[in-house]
Amino acid sequence: MKINILHIIVLFILLSLSTKAISQNCSKKKIAEKEIKEDYDYRGQSLYKDMLNGESAELHIVLYSKQNYRLFVAGEQKLGEVDYQIIVPRKQFTRVVKEIVPKTVTEYRKDPSGFFLYDTDGQRIPEGEKVIQDTIWERKTTEIEELVYDSRTNELPYWTATPRKTQQIKVLVEVKPAHKPESGCVGIYVGKEYTNTYQFRR
């Protein structure tokens with residue numbers, strides 16, 4: 001009984017190491033062609049994932065302000081078509097009613113044309129008071145998700161952006177189903193342009 005348990009533990013460790021090795025090797029495989037990469041640095045934030053046909057994944061990537069980015073997704077040829085969408089969160093501001101409160105205001109005399117009448121001191125002539133409903137407004141912030149790129153409808157095989165401020169984006173990846181599912185590597189390539197790299201000034 002002890003020998004069987006030991007064998008199971010050893011087998012589990014070997015499987016774990018094997019899976020880890022496959023995952024690590026994805027970053028070393030040539031998944032994307034050099035032409036689509038162009039002169040961008042993909043070493044910093046690119047991600048690699050083992051996926052099956054019919055599988056989908058959601059990944060979150062931080063883009064830093066004032067950097068020129070090129071982002072695209074590519075999979076091993078045996079996986080077939082790999083589609084992806086890029087979603088950017090946007091803040092939306094709207095005016096909403098906070099509360100309505102009664103308020104007493106002074107009414108002033110007007111001439112037949114609707115202009116205020118003034119006394120000898122140049123002050124408006126009061127006529128009485130009335131109660132009005134005063135509306136107090138506030139600004140409400142909501143966050144919406146905007147689809148900025150879809151590989152199934154976009155003519156370009158990549159998405160480029162230069163964010164004005166640092167923000168997180170969402171990448172949805174979907175591997176097309178197949179009759180005979182395959183397992184393969186998918187690369188989420190996040191490239192930053194060399195010429196736009198921040199440099200310290202003296």
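Here are a few things to note about the model shown:
- Which listed residue, of Glu76, Glu99, is over 24 Å from Pro163 (Cβ atoms), in contact (Cβ under 8 Å) with a residue 60 or more places away in the chain and among the acidic types (Asp, Glu): Glu76
- In the set Lys98, Lys91, Lys66, only one residue is modelled with pLDDT under 90 and surrounded by 11 or more Cβ atoms within 10 Å (Cβ to Cβ); that residue is Lys98.
- Matching residues in the stretch 1-52 - criterion: being assigned to a helix (DSSP H, G or I), surrounded by fewer than 10 Cβ atoms within 10 Å (Cβ to Cβ) and at pLDDT 75 or above: Lys34, Glu35
- Positions within the stretch 156-167 being polar (S, T, N, Q) and closer than 13 Å to Val190 by Cα, in sequence order: Thr160, Thr162
- Complete set of residues in the stretch 58-107 that are outside any strand (DSSP E or B) and not acidic (Asp, Glu): Tyr64, Ser65, Lys66, Gln67, Asn68, Gln77, Lys78, Leu79, Gly80
- Some residue of the stretch 113-121 being surrounded by 10 or more Cβ atoms within 10 Å (Cβ to Cβ) and either in contact with a helix residue (DSSP H, G or I) (Cβ under 9 Å, 6 or more places away or on another chain) or of a type in the set (Lys, Arg) (or both): no
The values are calculated or read from the model by the stated rules, or taken from the named source; none is laboratory data. The model shown is predicted, which means the values in this text are computed figures rather than measured ones. A quick note on method: Cβ atoms are made from the backbone with ideal geometry, for glycine too, and the neighbour counts reach across all protein chains shown.
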